[in-house]
Structure formats: structure tokens, C-alpha cells
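Some notes on the structure that comes next.
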Amino acid sequence: MDEALLLPVIDLSSPDRLSTARLIRQACIEYGFFYLSNHGVNGDLLREVLSESRKFFSLPVGEKMKLARKEHRGYTALYDENLDPASSSKGDSKESYYIGPLEDPIAQIKLNQWPPEDILPTWRHTMESFYQELECAGKKLLSLVALSLILDEEDFFVRVGGMDKPTSFLRLLHYPGDVIASKKETYGASAHSDYGMLTLLATDGVPGLQICRDKSKHPNIWEDVPHVEGAFIVNIGDMMERWTNCLFRSTLHRVMPAGQERYSVAFFLDPDQDCIVECIPSCYSESCPPRFPPIRSGDYLKERLRVTYGHDGLNSVVMKTT
């Protein structure tokens, strides 16, 4: 039986930044996940985003496929993605929509795809507004993450060039409620860890998200992550785990079918493609040397996506996972 888990709650508005940074450090070491409250993202806007998301995913398949994913932007159909191929041959029972940087860093190329205004007139404006508010909250959180690692250098990720032109992605997700039963276990999102720095997740309150804190135990022990009204769920990605020399954990997680429709919105905050990811000085010592060589952020994400999406990942200008 899966167990319920109440993660630490981090108050982004707290004036005691050092105390908040210590709480973040503890949460990232122990769980790799935490709740983020008082994040400054408008609650009415989130509800509007979820409403607009429902409108899009309720469109006929033919209309949605007109916006099929190109350059890692646009629509991905049901079962088109499998985050853990070893678990199922069918694919994950979800459909999604990617929105990339609003001002593309590569020669101002406009790569995002948008539904026609005559079908969804306020869709683009709503998503762009939400993207901007999430990016602002993410940058504030990242300064506290830096403070939790570098003590007095809360501008660390800015100083190393990570926030010059961040390659953040917004992903809308829809998990149908009428999943067809099969001999193999069906997953909304099969077991995986995120590839990048930080992920901020908002849900409609329908359960399904689970985490596994110890990847080495077999069988895996999965714990349910309850919905906390008004709070985002934040998790550490593989790139941040690499940056911190595995001090902060990129935790395995999945989404299980809940027997009803589930909508969520994930925001993946990643650095500039040219940012060099190398072990943070405070995260290694003579007895604990760096485990990974330096690597360009864009190259790292590109390779991870190549494994997930095949040749398509190689053609993406900027990259992101679920």
C-alpha cells in the first residue's frame, strides 16, 4: 500500500532568508521535493490557466494535431511519450502541450505554437502571463537555493550566466480518467526524474503524484504527495543534482491513474544554454571530490532529450522533459 507524505512547506515571502534557505537545504537533501507557499503567482490566473487547458485538451484530436510538437513546442498526443520504457510498451496515458521561452534566445526565432484565436481567444495571453509570473517566482526561489548552497552568494546562478537567457518551459498536462485496462500496469507518467534545475508544479487537486525517495530499494517504496491548496510542488532536477555533487537529490517520481481526469501545469526552470554546469565549490572536498566533469547546459539537456525522444531531441533548439 502506498503511503502519504507531507513534504516541508517553504514560504517564499518569509523575511528570514537565512532560515528559509536552511529549510530548503534540508528539504532538498532529504526529499528533493517541497511545497512552495506565498509564491506571488496569482491564484485566479492559475484557475484560468487550468480552465484554458481543459478547453484545449477537449478539442477534437484533429484540431490538436495541427499543433503537433515541433522544436519541442506544441502538442504531444496520448501514449506518444514513455518516460520509463522498461515499465510499459504502450506509453504514458497523458497528453501535453509545451510552451518555450517567450523571447527565444536564438536569433529571435518564434518557435512557440498557439491555438487559433477564433477557437481559443484568450489562450495565448493567459499562458504568457502565467509563464512570466512563474519565471519571476522561480528566479526568487533560485536565489534562496543558491543561498542554501553558497552561504552569502545568493546571486550565484546569475553570476555564472545561468539566468541571462533562461530556457524555461511551461508544460500543460492532461491525464484522462477513462484509462483502458491492460495486462501491464498503466501509468499517467511512468517513473522518472526531471532533467533540469527546478520544476514548479501546480495541479487541480486530483491525486496521483508519487515519489520514491530511495531508488536503490527493490521493490520501490512509493509515497503519495497530497495536494496543498495554493502551494506549488517543487522538485530538484538532475542538472541541479549534478551541480551540487549529489548533495541535493533529483527524486524519482511518477503519476498514477486516479480514476478521474487530472490536469496539472509544470514549469521547468533551466539556465542559459551556454551556462557551464560544474560542481559548486561548497559541494566538494578532498574526501568528496566532484563526481561529474563540467558540461554546457544545452549539451547536457540535448543529450538527455535525445535518449527520450530520439532524433527529434537533436533538432530541438532548447530542451526539456516532463
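The values are calculated or read from the model by the stated rules, or taken from the named source; none is laboratory data. Predicted, not measured: the structure shown is a model, and the values here were computed from it. Here the Cβ is made from the backbone with ideal geometry for all residues, glycine too, and neighbour counts use every protein chain on show. These accessible areas exclude ligands, DNA and RNA; they are computed on the full protein's heavy atoms, side chains included. Shrake-Rupley method; radii C 1.70, N 1.55, O 1.52, S 1.80 Å.
The conditions are (1) open to solvent by 20 Å² or more (accessible area, probe 1.4 Å); (2) closer than 15 Å to LEU173 by Cβ; (3) touching a Lys or Arg at 6+ places or on another chain (Cβ under 8 Å), and LEU46 fails exactly one of them. Which is it?
LEU46 satisfies every listed condition except (3).
Just checking, does the range 84-104 include any residue being open to solvent by less than 20 Å² (accessible area, probe 1.4 Å) and closer than 30 Å to GLN26 by Cβ?
Checked against the condition, which is being open to solvent by less than 20 Å² (accessible area, probe 1.4 Å) and closer than 30 Å to GLN26 by Cβ, the range 84-104 yields no hits at all.
Taking the range 150-163 only, how many residues are part of a helix (DSSP H, G or I) and either out of contact with any helix residue (DSSP H, G or I) (no Cβ under 6 Å at 6 or more places or on another chain) or closer than 22 Å to ILE109 by Cα (or both)?
Matching residues across the range 150-163 total 2.
May I ask you to list the residues in the range 22-34 that are crowded, with 21+ Cβ neighbours inside 10 Å and either touching a residue at least 60 places away in the same chain (Cβ under 8 Å) or farther than 23 Å from GLY230 by Cβ (or both)?
Correct list: ILE24, CYS28, GLY32, PHE33, PHE34.
What's the number of the only condition in (1) touching a residue at least 60 places away in the same chain (Cβ under 8 Å); (2) farther than 30 Å from GLY177 by Cα; (3) outside any helix (DSSP H, G or I) that SER13 fails to meet?
Exception for SER13: condition (1).
Among the residues of the range 231-284, which ones are open to solvent by 10 Å² or more (accessible area, probe 1.4 Å) and on the phi > 0 side of the Ramachandran plot?
Listed by number, the residues that qualify are CYS246, GLY259.
Which one of VAL307, VAL228, VAL206 is closer than 22 Å to SER190 by Cβ, more than 16 Å from the chain's Cα centre (by Cα), open to solvent by 10 Å² or more (accessible area, probe 1.4 Å) and at pLDDT 95 or above?
VAL206
In the range 54-74, which residue that is in contact with a strand residue (DSSP E or B) (Cβ under 7 Å, 6 or more places away or on another chain) and within 20 Å of LEU301 (Cα to Cα) is modelled with the lowest pLDDT?
The qualifying residue modelled with the lowest pLDDT is HIS72.
Quick check: anything in the range 167-176 touching a residue at least 60 places away in the same chain (Cβ under 8 Å), more than 19 Å from the chain's Cα centre (by Cα), within 26 Å of LEU305 (Cβ to Cβ) and open to solvent by 20 Å² or more (accessible area, probe 1.4 Å)?
Yes, the range 167-176 contains at least one residue that is touching a residue at least 60 places away in the same chain (Cβ under 8 Å), more than 19 Å from the chain's Cα centre (by Cα), within 26 Å of LEU305 (Cβ to Cβ) and open to solvent by 20 Å² or more (accessible area, probe 1.4 Å).
Could you tell me whether LEU151 is open to solvent by 20 Å² or more (accessible area, probe 1.4 Å) and touching a strand residue (DSSP E or B) at 6+ places or on another chain (Cβ under 6 Å)?
On the way: open to solvent by 20 Å² or more (accessible area, probe 1.4 Å): yes; touching a strand residue (DSSP E or B) at 6+ places or on another chain (Cβ under 6 Å): no.
So LEU151 does not fit the description; no.
For the range 210-224, give me each residue that is touching a Gly at 6+ places or on another chain (Cβ under 9 Å) and open to solvent by less than 10 Å² (accessible area, probe 1.4 Å).
As a first pass, look at the range 210-224 and keep what is touching a Gly at 6+ places or on another chain (Cβ under 9 Å): 211, 213, 224.
Within the range 210-224, ILE211 is the sole residue that qualifies.
When you go through SER129, SER143 one by one, which is the residue that is among the hydroxyl-bearing types (Ser, Thr, Tyr), free of Cβ contacts under 8 Å to residues at least 60 places away in the same chain, in a helix (DSSP H, G or I) and surrounded by fewer than 22 Cβ atoms within 10 Å (Cβ to Cβ)?
Working: SER129 fails: free of Cβ contacts under 8 Å to residues at least 60 places away in the same chain.
Being among the hydroxyl-bearing types (Ser, Thr, Tyr), free of Cβ contacts under 8 Å to residues at least 60 places away in the same chain, in a helix (DSSP H, G or I) and surrounded by fewer than 22 Cβ atoms within 10 Å (Cβ to Cβ) holds for just one of SER129, SER143, which is SER143.
Is it true that SER19 is over 23 Å from VAL255 (Cβ atoms) and at pLDDT 95 or above?
yes
Given the conditions (1) in contact with a Leu (Cβ under 6 Å, 6 or more places away or on another chain); (2) at pLDDT below 95; (3) under 22 Å from GLY100 (Cβ atoms); (4) of a type outside the set (Phe, Trp, Tyr), and given that GLY161 satisfies all but one, which numbered condition is not satisfied?
Result: GLY161 passes all but (1).
Pairs needed: first member in the range 207-224, closer than 16 Å to SER193 by Cβ; second member anywhere, among the polar types (S, T, N, Q); C-beta distance under 6 Å; at least 6 residues apart or different chains.
What qualifies is ILE211/THR251; CYS212/ASN220; TRP222/GLN210.
State all residues of the range 1-21 that are touching a His at 6+ places or on another chain (Cβ under 9 Å) and surrounded by fewer than 16 Cβ atoms within 10 Å (Cβ to Cβ); if no residue qualifies, say none.
Passing the criteria: only SER13.
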